[in-house]
Amino acid sequence: MLPGGNATEWKKKSPLFVVFTTVLLDLVGFGIVIPLVAIYGKHYGASGFQLGLLGAIYSLMQFVFAPIWGSLSDRWGRRPILLLSLAGSTISYFAFALAPSFFWLFASRAFAGMFAANISAAQAYIADVTTHEDRAKGMGLLGAAFGIGFTLGPPLGGIASAHWGLAAPGLIAGGITGLNLLVAYFRLPESLPFELRRTKTVLADFSPIHWTAIHQALRHPVLWLLLLIYFLVTFAFSNIEQTFSLLFQSRFELPTSEAVLRTGFIFMTSGLLSATIQGGLLRRLVPRFGEWTLLKTGVTLNVIAFALLPFYPSYGWYFLGIIPMTVGAALVNPSLASLISKNSAGNEQGRMLGLSQGLGSLARAIGPFLGLLAFEWNPVAPFAIAAGVSVAILAFYQLAKVPTAPRTRSHGT
């Protein structure tokens, strides 16, 4: 049951519906653009090093600026930060569409990363308007928005590029996000009362990573391993995700628009499968096997998928090839989030989850840079790196002698 009553009441009365649609439309726009970035850079004649920078700059800027926007939302309120993020995203998408050179393409992605505050602000918004009992349901809406956004966005971008030219995906993303900005301006209320806002911010609030939390995690028997695995898993995936269109183009000798279109359909299939697993199947698997076992299983599937992906003989094989990768990710990511939360003290969960997100942003900046640079050297290299990193994760898992039964359902500290 949705927070706030039945579906009709929720749509009419709850600000959750407004923030859900706001994030959903923003992620559709993001999903339209993200598979295109590397191949567009290649279209403008970028070198491997330049492609690496292009792939990394969005997450790097997000890593730096997201804590700033988060702290300012505690002082100014959630609504202005969400609106500012949408405005910045709108401008960045139009700049991406109309970029006449690699430099302007790079600048558009850097600008987009600067204003990528929508998710953290939306999480804070949901925390403001839900009770403790409904918090998990509210946060689950963001997961649904991600799934829908990354199911609809990539094929829409591919179809637009194939039929209306390379500028079309960026223009559509900018139009969707601009419309989203107008709707949010008129319909999205403020969620943080004045009496609960911070009266000042300090420099430490703007740090992308809280070093105190790192020190605490290193002293914990399990948290350090979980955070390390989270960083490495995120690095492995981000190492390859922007190379798919380049791989299709090089292996099957496709024009840019056709490579983008085929990448979009692969991403759509992956998104549908992931939503199916996380939407229902996972709830049955966790009580039976436990998060540690699902984590190990997911990473093992990733090793197999990454090792095979560069070698499938035809495009049709990739619809089968992404199954172990998608299932692996669908098992790993929720299991990691749950384990980090369960192994954190009650008053440290927010800080530890925030630390994991900071490490994830850093991994998403490093991964595309190395992956795209490696692809220029050898198209197999990014996938070999991802497989090797996943093998290292399994080695850490075995050396740490973590539990494999579903014992983690009890809260650890």
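Figures for the structure shown
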| quantity | calculated |
| --- | --- |
| Compactness of the range 62-105 as Cα Rg over 2.2 N^0.38 Å, two decimals | 1.43 |
| Å³ per residue enclosed by the Cα convex hull of the range 15-189 | 101 |
| Column: log10 I(q)/I(0), Debye, Cα scatterers of the range 250-324, q = 0.12, 0.19, 0.28 Å⁻¹ | -0.44, -0.89, -1.32 |
| Calculated P(r) of the range 34-103 - Cα pairs past 18 Å, % | 50 |
| Sequence of L331, L232 once ranked by neighbouring C-beta atoms within 10 Å, starting from the fewest | L232, L331 |
| Ranked R219, R109, criterion: other C-beta atoms within 10 Å, fewest first | R219, R109 |
| Approximate spin-label separation E190-Q398, in nm, with each point projected 7 Å along Cα-to-Cβ | 5.7 |
| Candidates per GluC sites (Glu not before Pro) in the range 232-305, loop by DSSP, up to 13 other Cβ within 10 Å | E253 |
| Length gained when the stretch L179-A167 is fully extended (0.36 nm per residue, less Cα-Cα span) | 2.5 nm |
| Euclidean distance of C-alpha centroids, the range 224-301 and the range 80-120, integer Å | 25 |
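Here, each number is a calculation from the coordinates, and none is a lab measurement. Everything numeric in this text was worked out from a predicted model, so none of it was measured. Note: ideal-geometry Cβ built from the backbone for every residue, glycine included; neighbour counts use all protein chains shown.
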